[in-house]
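The values are calculated or read from the model by the stated rules, or taken from the named source; none is laboratory data. Note that the structure is predicted; figures quoted are calculated from it, not measured. Every residue, glycine among them, receives a Cβ derived from its backbone with ideal geometry; neighbour counts consider all protein chains shown. Just so you know, the surface numbers come from the protein's heavy atoms only, side chains and all, with ligands and any DNA or RNA stripped out. Shrake-Rupley method; radii C 1.70, N 1.55, O 1.52, S 1.80 Å.
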Amino acid sequence: MANMLHTGVGFNAVPPVVTRSTLSAQETLVAELVCAGLSNKQIAARAGLSEHTVSSYLRRIYSKLGVNSRVALVVTLHSFSA
């Protein structure tokens, strides 16, 4: 995950630079649980959070990584380890 990844939305978008430290510890946990295939409800139960908080974390994660879906999040995070 130490590699930098450039992502962007749209043909002329200026991509953000994303590194391992882009996400907070809680955001990283939520992202990893999304990658494991858990639903927001399952993530909330496992992480001791409310579903609303999980949704808030996901919005922040999407914004930080320049993605707009769970699938794009998984693809982006898997590209870190490539």
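The table below gives the values:
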| quantity | calculated |
| --- | --- |
| Exposure of R59 as accessible area (Å², to 10), given a probe of 1.4 Å and all protein chains | 140 Å² |
| Pairwise label distance in nanometres, R70 with S21, each label 7 Å out on the Cα-Cβ vector | 3.1 nm |
